[in-house]
Structure formats: C-alpha cells, structure tokens
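J.: Before anything else, here's the structure in question.
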Amino acid sequence: MKRTLLPVLASLFVCSAASVASADPLPVAPVKPVSPITTAIPLPRTPILLACPDPSASSIDFALVSRATRFTGRVRVTGTVKNVGGAPYVSGANQQLALLYEIPLGGRPRLVAQRAFQNLAPNEVATVTFDRDWNASSPAEGEFPPNYRLVISYDPDILLDSNPKNDDCGASNNTRERSSSPVNALFR
Ligand SMILES: [Ca+2]
Ligand SMILES: [Ca+2]
C-alpha cells in the first residue's frame with residue numbers, strides 16, 4: 001500500500017507546485033525614467049518669411065472646361081504667380097510678365113499665353129490661362145502629353161530703375177514646369 005501511494009503523492013506535489021508557479025504575477029520590469037530632451041531646438045511653425053518682394057511661379061493647374069465626346073474636350077491650363085515674400089511687390093505697369101509655354105515631347109517650347117501683372121501684396125496672385133482642345137485618345141495628348149512651363153519675365157533694367165520694391169529677392173522660384181498628364185485623368 002505504501003509503495004503505491006508514494007508516486008501519487010509526489011505527482012500531486014508537482015501539480016500543486018506548478019499551479020502555484022503559474023499563479024504568480026509576472027515580474028514587472030522597472031520603468032526607466034524618460035530623460036527630458038534638452039538639446040533639440042524647436043522648429044519654427046512657419047517658414048521664415050523674408051521682408052522683401054518675391055514673386056514666384058507657384059503652380060500650374062489643369063481643368064476641363066467642356067467635354068465634347070468621351071475622349072475630347074476643351075482644357076484650361078492656369079499658371080499662377082504668387083508673391084511668396086513678406087513685402088509688397090510694387091512696380092511699373094510694363095516691367096513684368098507671366099509667360100506660359102507649351103513644350104511637346106522632344107520639341108521646342110512655344111509661347112501660348114502671357115499676362116502682364118503689376119503690384120502684388122504678400123500672398124496675392126496673378127494668373128495666366130491658356131485654353132485648348134484636347135484629345136485624350138491621341139498620341140500627341142493622350143500618349144505623350146506636353147509639358148507646360150510658367151516663367152516670370154522681368155524688364156532687363158528692373159534692378160537699375162531706382163525702385164527697390166520691384167527687386168525680386170528669390171530668383172530660384174521664377175520658373176516652374178509640369179507635365180500635362182493629369183489632363184488625361186480628367187477624361188476618365
Ligand atoms: Ca528695381
Ligand atoms: Ca522670385
């Protein structure tokens with residue numbers, strides 16, 4: 001009797017030991033204190049605006065003016081010049097132009113529209129538009145749509161005219177080019 005009882009008691013002890021072990025709460029890892037970030041320099045919320053006039057070729061947009069068939073219609077290309085500087089742009093009437101070029105794939109730029117602009121307050125815009133027929137199933141428009149280029153053109157003497165209020169302080173943003181492939185998406 002004693003011989004058969006011992007293994008049963010031993011197994012009971014093992015079971016109870018295991019159940020006690022599993023009921024133990026998991027060890028909690030000590031939480032490391034988060035060190036405060038003292039070296040990071042806070043970024044400015046808005047880009048630094050220079051207190052000077054800066055007309056820029058800010059965008060080229062496409063819109064469907066009217067639709068004739070499934071794949072054809074009339075399209076408007078709009079180039080937007082915006083004074084992104086922190087000071088007003090104040091100039092003479094004929095000293096600056098917004099030029100819009102169409103550039104076929106592998107071809108030469110062709111001036112398709114121009115617009116004289118004059119004074120621009122900060123964030124004020126001037127636009128130049130060009131309307132044309134479009135065939136989204138053609139090779140020249142559907143398959144290989146042209147690029148459009150917006151250029152701000154100044155009177156060559158603009159820096160010598162004794163008027164600092166028309167001296168563009170950012171020359172790198174005076175040209176923008178964009179593919180017209182989004183036009184074909186307007187027909188889908
Ligand atoms: Ca000037
Ligand atoms: Ca500029």
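The numbers here are math on the coordinates, done by the rules we state, and not lab data. Here the structure is a predicted model, which is why all the values come from computation and not from measurement. Here Cβ is always computed from backbone atoms with ideal geometry, including for glycine, and neighbour counts include all displayed protein chains.
J.: Taking the dipole about the Cα centre of region 55-182, with the C-beta of Lys and Arg at +1 and of Asp and Glu at -1, give me whichever of V81, P122, G106 is farthest to the positive side.
T.: Towards the positive end, the residue furthest out is G106.
J.: Something else: Got a sec to turn the phi values of region 49-60 into Karplus ³J(HN,Hα) couplings, 6.51 cos²θ - 1.76 cosθ + 1.60 with θ = phi - 60°, whole Hz, x for Gly and Pro?
T.: 9, 6, 7, 8, x, 9, x, 9, 7, 8, 7, 10
J.: Nearest 20 debye, what's the magnitude of the dipole of region 59-188 about its Cα centre given +1 on Lys and Arg Cβ and -1 on Asp and Glu Cβ?
T.: On the way: 14 positive and 13 negative charges, 124 e Å.
For region 59-188, the charge dipole is close to 600 debye.
J.: In addition: Would you mind ranking E102, E177 by Cβ crowding within 10 Å, fewest neighbours first? It would help to have the intermediate numbers written out before the result.
T.: On the way: E102 19, E177 14.
Listed from fewest to most nearby Cβ atoms, that is E177, E102.
J.: Could you run the Karplus curve 6.51 cos²θ - 1.76 cosθ + 1.60 with θ = phi - 60° over region 114-121 and give me ³J(HN,Hα) per residue in whole Hz, x for Gly and Pro?
T.: Karplus-based 3J(HN,Hα) across region 114-121 equals 9, 9, 7, 10, 9, 8, 9, 5 Hz.
J.: Please report I60, I158 as a ranked list, fewest other C-beta atoms within 10 angstrom at the top and most at the bottom. Write out the running numbers ahead of the final one.
T.: Values: I60 21, I158 15.
So the ranking, lowest neighbour count to highest, is I158, I60.
J.: Ok, one more. Explain nothing, just compute: Karplus ³J(HN,Hα) = 6.51 cos²θ - 1.76 cosθ + 1.60, θ = phi - 60°, for every residue of region 166-180 in order, whole Hz, x for Gly and Pro.
T.: With coefficients 6.51, -1.76 and 1.60, one gets 10, 8, 4, 8, x, 7, 6, 10, 8, 9, 9, 10, 8, 5, 8 Hz.
J.: Among rounded, prolate and oblate, which fits region 55-182 when a ≥ b ≥ c are the square roots of the eigenvalues of its C-alpha gyration tensor, a/c under 1.5 means rounded, and a/b larger than b/c means prolate?
T.: Cα axes put region 55-182 in the prolate bin.
J.: For region 55-182, what does the relative contact order come out to in percent, with C-alpha contacts under 8 Å and a separation of six or more?
T.: Working: 300 pairs, mean separation 40.1, N = 128.
Once divided by the residue count of region 55-182, the mean separation gives 31 percent.
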